[in-house]
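Quick notes on the structure that follows.
The values are calculated or read from the model by the stated rules, or taken from the named source; none is laboratory data. Here the structure is a predicted model, which means the values were calculated and not measured. No Cβ is skipped: glycine too gets one built from the backbone with ideal geometry, and neighbour counts run over all protein chains shown.
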Amino acid sequence: MAAGVRPRDRFLRFVLDTSRIASRQMRKDRAPMMAAALTYRLLFSLIPLMVIAGVVLQQVVKPDRILEFTRDLINRLQLDSIKVHDQRSQLESSSGTDIPFSLGDWIMDAARQATDYNTSGLTIIGGIVLFYSAIKLFRDIESSFSIVSSRGSRRIWWRRWGMYLAVLLIGPLVLIGGVVLLQWGSQRLTELGAAHEGLVQSIELILSWLLICGLIMVGYLFIPARRLSMLATVSGAVVATILLVIAQWIFRVYVSRFVVGSALGSLGLVPLFLFWLYINWLSLLYGLQFAAVTESISRLRRRRNEGSRSEHASTQ
């Protein structure tokens, strides 16, 4: 019986030790400051990113379909459940009702502005500024990920720029492809389990998070300068996805229970959006740190095992 329990106990001990070391290393690397910096950088680069993504996607998809895919992604991430109430309408309305603004609606407004942006009147200077805003975000992400995973080493410049361009040009297509795949899977599940709506919705939610886990895994593989092993990358992506699920649930509870309303209308979503981005970045950095610690521990164990084997062979 003890022999059967031992691998499970060893695995739990490994997870606990890795989590503890990763938490300590996160504080040492000042990961909360990195998450805050990435949050504000993404806020200022959001519209340029959406404009570039819209230009790329409009080469293969109609603008209406882009907005449809964006709405579907928002629904799958349950961003519409994060909402605040407009207290101005409550003061002005005789019925005392107010109009809620959701984070999903706020992102949809930004997506509409990006898809409606007329790039024909864009000057060379404007194009450079637009491109630089997006590239600066990728530089900061690559720098933070490299610090967390490899103690600050950076890849050579032409590889960095190749990665930036690949993310700008291929990233939107991959994301839309994932949404299309989820839509196809949802239709098949609905056809097969029409009598079990609750089960179908649960499976769709699990598939959505599996897609996010896959995207995180791809990011952990190619963004940091240090290439981690597949096992370490998968473990870090799973941990980051679990943290994202827990953080999103806690955030929704916090907004519904403790956020009364906003006297600024939809602008009241900006602080909530910043906080939501912050906990997401923190979860992603912790998952990458977990993967890096897993890689280091696995390497030390291999060296120890090789040393014990060589020592045992020499004694014989």
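Please indicate, with yes or no, whether at least one residue in region 40-61 is among the charged types (D, E, K, R) and free of Cβ contacts under 8 Å to residues at least 40 places away in the same chain.
Keep residues of region 40-61 that are among the charged types (D, E, K, R), which gives 41.
Filter once more, so that each one left must be free of Cβ contacts under 8 Å to residues at least 40 places away in the same chain: none.
Within region 40-61, none of the residues are among the charged types (D, E, K, R) and free of Cβ contacts under 8 Å to residues at least 40 places away in the same chain.
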**Message:** Under 6 Å between Cβ atoms, which residue pairs at least 6 apart in sequence (or on different chains) link something in region 218-239 that is over 15 Å from ALA166 (Cβ atoms) with a partner that is surrounded by fewer than 19 Cβ atoms within 10 Å (Cβ to Cβ) and basic (Lys, Arg)?
**Reply:** ALA225/ARG154; ALA225/ARG155
**Asked** Can you tell me which residue in region 222-253 is farthest from ILE156 (Cα to Cα), limited to those that are surrounded by 15 or more Cβ atoms within 10 Å (Cβ to Cβ) and among the polar types (S, T, N, Q)?
**Response** GLN248
**Asked** Would it be correct to say that ARG76 is surrounded by 12 or more Cβ atoms within 10 Å (Cβ to Cβ) and touching a helix residue (DSSP H, G or I) at 6+ places or on another chain (Cβ under 7 Å)?
**Response** yes
**Test: residue in region 51-63 that is under 21 Å from ILE212 (Cα atoms), modelled with pLDDT under 85, touching a Ser or Thr at 6+ places or on another chain (Cβ under 8 Å) and of a type in the set (A, V, I, L, M)** = no
**Prompt:** Under the condition of being assigned to a helix (DSSP H, G or I) and within 28 Å of ILE47 (Cα to Cα), which residue from region 90-108 is modelled with the lowest pLDDT?
**Reply:** LEU103
**Prompt:** So TYR164 fits all but one of (1) at pLDDT below 80; (2) surrounded by 12 or more Cβ atoms within 10 Å (Cβ to Cβ); what number is the exception?
**Reply:** (1)
**Message:** Given (1) of a type in the set (Val, Ile, Thr); (2) at pLDDT 80 or above; (3) assigned to a loop (DSSP other than H, G, I, E, B), identify the lone condition not met by ILE74.
**Reply:** (3)
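One line per residue, one yes/no per condition, for (1) modelled with pLDDT of 80 or more; (2) more than 17 Å from the chain's Cα centre (by Cα); (3) surrounded by fewer than 13 Cβ atoms within 10 Å (Cβ to Cβ); (4) of a type in the set (A, V, I, L, M, F, W, C):
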position	(1), (2), (3), (4)
LEU175	yes, no, no, yes
VAL179	yes, no, no, yes
TRP184	yes, yes, yes, yes
ARG188	no, yes, yes, no
ALA195	no, yes, yes, yes
GLY198	no, yes, yes, no
ILE206	yes, no, yes, yes
